[in-house]
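*Asks:* What follows is a structure written as structure tokens; I'll ask about it next.
The values are calculated or read from the model by the stated rules, or taken from the named source; none is laboratory data. Being a predicted model, the structure only gives us computed values, none of them experimental. With ideal geometry, Cβ positions are generated from the backbone for all residues, glycine too; neighbour counts draw on all protein chains shown.
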Amino acid sequence: MIEHAVVTGGAGFLGSHVCERLLAQGAAVTCMDNFLTGSPRNVAHLMDRPRFRLTECDLTGFIHVSGDVDLVLHLASAASPADYLRLPIETLKVGSLGTLHALGLAREKDARFVLASTSEVYGDPLRHPQREDYWGNVNPVGPRSVYDEAKRYAEALTTAYRNSREVDTGIVRIFNTYGPRMRPHDGRAIPTFVRQALTGQPLTVTGDGSQTRSICYVDDTVEGILAMARDDFAGPVNIGNPEELTMLGLAELIRDLAGSRSPIVFVERPTDDPMVRRPDITLARERLGWQASVTGLDGLRRTVEWFAGELDVTTGGRVIST
């Protein structure tokens, strides 16, 4: 059983759900975040829990946690293109220095360390679906490289600590995750489409909409991360839902779920935007006993309902309360 977990980036969208699940399982949780892309609002409902502690912390500087620690979950990073393009140096620093310091904490505490890597290490893949033994097709000097290469470096550093410092490490490669607590203006496709549909704005699909993504509801992603945390497997292992949708199909589905009549318009496709994305999760099934259980239709319905309760449709999709 996990007694005390440190979650970096714990006030972010995914991190807040991880903190919530760990607390529900009886663990004490130290949540670290510098709030560049996360928000205390995401964990406000946890603040009265006696086993929860929120610490404002920049991982690229000195970090310290008192007492014993069983698990370090390193989730800290900008994750949406809008954020990492706005914060390129910060994204590279948290992937390098931040990972170094989080690994150092795990080594000091003799704790299990799990790195939240990303499907973006596969770049614009030349193999489909993507298996963990595929090395990827990444442009190291393109605009997305600040995120892609930060995560690739973080994987290399995590592996080096396992091999040369005997730290118990694991790597999960997370595919497109969505659900409640996403920011409506974070730039990712699902919150963008949902916000636009709910507020009557045109849904902006990049390119011709034929590019694909595999979307995984946040509850399933969290369970996959914690399955890795409970194991001693090094990975990397894909955590995602193999259910694959075109971006145009995703926009149309969200529009229907929102009961919207918004038109769909096509805009320029971003540089190095991957054409396809779908995980092979054979390894996750066989080693971790994990697979996604929430369908895209069900997960999107829940997400649309949550956003509908959060957005003020009279102000263009701004959050009602902060």
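*Asks:* So which pairs qualify, if the first residue must be in segment 40-69 and under 23 Å from Pro180 (Cβ atoms), the second must be modelled with pLDDT under 95, the Cβ gap must be under 9 Å, and the two must be at least 6 apart or on different chains?
*Replies:* The qualifying pairs are Arg41/Val319; Arg41/Ser321; Arg41/Thr322.
*Asks:* Is it the case, given these coordinates, that His64 is at pLDDT below 95 and over 26 Å from Glu244 (Cβ atoms)?
*Replies:* Spelling it out, His64 is indeed at pLDDT below 95 and over 26 Å from Glu244 (Cβ atoms).
*Asks:* Would you confirm, using the coordinates I've provided, whether Ser77 is of a type in the set (Ser, Thr, Tyr) and crowded, with 18+ Cβ neighbours inside 10 Å?
*Replies:* Judged against the criteria, Ser77 is a match.
*Asks:* Within segment 190-221, work out how many residues are more than 15 Å from Leu257 (Cα to Cα) and aliphatic (A, V, I, L, M).
*Replies:* Count: 3.
Residue by residue, here is whether (1) surrounded by 16 or more Cβ atoms within 10 Å (Cβ to Cβ); (2) in contact with a helix residue (DSSP H, G or I) (Cβ under 8 Å, 6 or more places away or on another chain) holds:
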site: Lys109; (1), (2): yes, no
site: Ser117; (1), (2): yes, yes
site: Gly123; (1), (2): yes, yes
site: Arg127; (1), (2): no, no
site: Asn139; (1), (2): no, yes
site: Asp148; (1), (2): yes, yes
site: Ala156; (1), (2): no, no
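*Asks:* Going residue by residue through segment 156-169, is there one that turns out to be in contact with an Asp or Glu (Cβ under 8 Å, 6 or more places away or on another chain) and assigned by TED's automatic domain parsing to the domain that holds Leu59?
*Replies:* yes
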